[in-house]
Amino acid sequence: MNKVETILAELEAISKNPKKAMEDHKAKTGKGAVGVLPLYAPEEMIYATGYLPMGIWGATKKQILKAPTYLPAFACSIMQSIMEMEMEGVYDDLAAVVISSPCDTLKAFGQKWKGKSPVIQFVHSQNRDMEASNVFMVEEYKYVRKSLEDILNVTITDEAINEAIEVYNENRAVMRMFCDVAAMYPQVITPVKRHAVIKARQFMDKAENTKMVKELITELLAQPVVPFKGKKVVLTGIQAEPDEVLRIFEEFGIAVVADDLAQESRQFRTDVPSGKDPLYRLARQWQNITACSLAIDRDKPRGKYIVDLVKKYGADAVIICMMKFCDPEEYDYPILLEDFEKSNIRNLKIEIDQQSESFEQIRTRVQSFVEMM
Ligand code: SF4
């Protein structure tokens with residue numbers, strides 16, 4: 001195994017075993033983990049406590065038996081999986097769980113939480129383009145901070161949050177760089193590997209993650225760039241899991257050269273701006289997030305943002321990974337289509353269902369799409 005393969009294998013192992021990542025952190029620091037549901041929770045505040053912020057999404061749960069007691073059948077498949085696992089006690093070792101409320105499913109999730117860990121639910125402002133949004137968000141973040149302090153029995157200072165913001169901003173920059181470098185080496189960074197590197201970030205101390213990904217970038221850049229004969233795509237949606245879907249891309253010679261996935265690039269494409277008051281800085285970051293189905297923009301820039309990605313990375317097409325029963329993504333879809341059509345961008349929509357056992361329909365659609373291209 002060369003160095004690139006070794007680092008990739010390590011990150012892939014972390015991405016597949018968050019429980020071990022949590023136990024390792026506990027053994028090293030004496031502190032456990034705080035779960036973070038999607039999307040845009042102020043992780044820096046958790047990081048400032050010394051606890052490990054740990055993303056809770058993306059685990060595939062094929063059999064949903066208990067979740068329908070509390071969730072309607074038309075709730076998105078990601079939340080069906082989370083609900084099923086919390087009822088099985090999978091998240092009971094978490095010291096707390098932070099839940100934001102950017103969509104209707106998440107709005108009620110705090111009340112429905114059946115795990116043993118205490119829940120901290122907060123609300124994101126919707127009219128983000130006014131100063132009142134920042135004032136509101138600062139109050140919400142004060143609540144999150146106080147709740148974390150009470151539950152974890154710690155004090156979270158402004159200085160500690162500001163330091164955490166620097167760690168996170170550096171990590172965001174390094175992850176953006178990784179995505180750019182990955183696009184240069186599609187033969188090495190296949191869709192499954194690219195996803196594993198980005199997913200591992202959810203379960204790692206961001207300073208350690210930055211170090212590993214920096215090393216990976218250096219090792220990759222030492223390799224020659226060779227022409228890629230397959231098709232290049234940009235992915236958009238909430239997430240492109242399970243791995244079976246990404247393996248289908250690989251089977252038909254597709255490389256992911258950029259993404260607009262909530263679980264991937266949307267996590268690190270917006271830095272926290274500079275300033276003194278950490279809560280106000282975090283509030284401003286929410287205001288600056290753009291082109292996301294969960295952050296309302298009156299002028300709907302997401303389609304244009306993806307068209308620009310296609311041009312920048314020389315992609316052949318966009319694959320829309322539509323999370324089953326995700327309202328915010330479904331509302332954006334007709335607008336995206338219009339923008340893609342205006343710019344002559346080829347596109348394919350596939351449905352992401354974490355409970356799916358069969359991927360033949362996706363395989364057939366991807367195969368025909370590649371043949372058409
Ligand atoms: S996938 Fe969509 S509906 Fe489900 S929690 Fe995320 S944003 Fe909400």
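The values are calculated or read from the model by the stated rules, or taken from the named source; none is laboratory data. Just so it is clear, the structure is predicted and the values come from calculations on it, not from any experiment. Heads up, the Cβs are rebuilt from the backbone with ideal geometry, glycines too, and the neighbour counts pull from every protein chain shown. Protein only, heavy atoms only, side chains kept; ligands, DNA and RNA dropped before computing areas. Shrake-Rupley method; radii C 1.70, N 1.55, O 1.52, S 1.80 Å.
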Could you check how much of the accessible area of the chain is carbon and sulfur, as a whole percent, using a 1.4 Å probe?
53 percent
At 7 Å along the Cα-to-beta-carbon direction for both Lys349 and Met373, put a label point, then send me their distance in nm to one decimal.
1.9 nm
Let me have the 222 nm mean residue ellipticity of the chain computed from DSSP H runs of 4+ only, each contributing -39500 (n - 2.57), with the sum over all residues rounded to the nearest 500.
-15500 deg cm²/dmol
Round to the nearest 10 and report in Å² the accessible area of Asp308, as given by a 1.4 Å probe over the protein chains' heavy atoms.
90 Å²
In 5 Å bins starting at 0, how do the alpha-carbon pair distances of the stretch 13-137 split up by percent?
2, 11, 19, 22, 19, 13, 9, 5, 1, 0
Could you pull the accessible area for Leu294 with a 1.4 Å probe, rounded to 10 Å²?
20 Å²
Where Rh denotes the Kirkwood radius from the mean inverse Cα pair distance, what is Rg over Rh for the chain?
0.94
Accessible area expressed per residue, the stretch 30-154, with surrounding protein chains retained (probe 1.4 Å, Å²):
39 Å²
Student exercise, the chain dipole from Lys, Arg, Asp, Glu Cβ charges, in Debye to nearest 20
280 debye
Using only the Cα atoms, work out Rg/Rh for the stretch 171-307, with Rh taken as the Kirkwood radius, to two decimals.
0.99
Take the alpha-carbon centre of the stretch 159-200, take the same for the stretch 6-35, and report the distance between them in whole Å.
17 Å
For the stretch 168-176, 3J(HN,Hα) per residue [Karplus equation, 6.51 cos²θ - 1.76 cosθ + 1.60, θ = phi - 60°, Hz, x = Gly/Pro]:
5, 5, 5, 4, 4, 4, 5, 5, 5
Among Pro242, Ile189, Gly89, which residue has its Cα positioned farthest towards the positive end of the charge dipole of the chain, with +1 placed on the Cβ of Lys and Arg, -1 on the Cβ of Asp and Glu, and the dipole taken about the Cα centre?
Ile189
Too-long pairs where the Cα-Cα distance tops 18 Å, listed order kept, from Lys31/Lys199; Lys19/Lys199; Lys66/Lys349; Lys16/Lys231:
Lys31/Lys199; Lys66/Lys349; Lys16/Lys231
Quick calc, Val135 & Phe74: beta-carbon distance into FRET formula, R0 56 Å, rounding 0.05, result 0.95
For the stretch 48-89 and the stretch 249-307, what is the centre-to-centre distance using only Cα atoms, to the nearest Å?
23 Å
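Starting from the Kirkwood Rh over alpha-carbon pairs, what translational D in µm² s⁻¹ does the stretch 87-145 have by Stokes-Einstein at 4 °C and 1.567 mPa s?
Rounded to a whole number, D works out at 102 µm²/s.
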Cβ-placed point charges (K, R +1; D, E -1), dipole of the stretch 1-92 about Cα centre in debye, nearest 20
140 debye
For Lys146, the aspartates and glutamates lying under 15 Å Cα to Cα, once residues fewer than eight places off in the same chain are dropped, come out as Glu43, Glu44, Asp158
Select from Pro38, Ala75, Tyr141 the residue farthest towards the positive end of the dipole of the stretch 30-154; place +1 on Cβ of Lys and Arg, -1 on Cβ of Asp and Glu, and compute about the Cα centre.
Ala75
Could the peptides 279-285, 184-190 be put in order, highest first, of the mean number of other beta-carbon atoms found within 10 Å of their residues?
279-285, 184-190
The aspartates and glutamates whose Cα lies under 16 Å from the Cα of Lys116, excluding any fewer than 8 residues away in the same chain, are Glu84, Glu86, Glu88, Asp92, Asp93
Going highest first, how would you order 220-228, 65-73 by mean Cβ packing within 10 Å?
65-73, 220-228
Rounded to the nearest 20 debye, dipole of the stretch 30-154 from Cβ charges on Lys, Arg, Asp, Glu
340 debye
Under a plain spin-label model, where a point goes 7 Å from the Cα along Cα-to-Cβ, how far apart in nm are Lys342 and Glu88?
4.5 nm
How long are the semi-axes of the equivalent ellipsoid of the stretch 231-373, taking √(5λ) for every eigenvalue λ of the Cα gyration tensor, in whole Å from largest down?
28, 17, 14
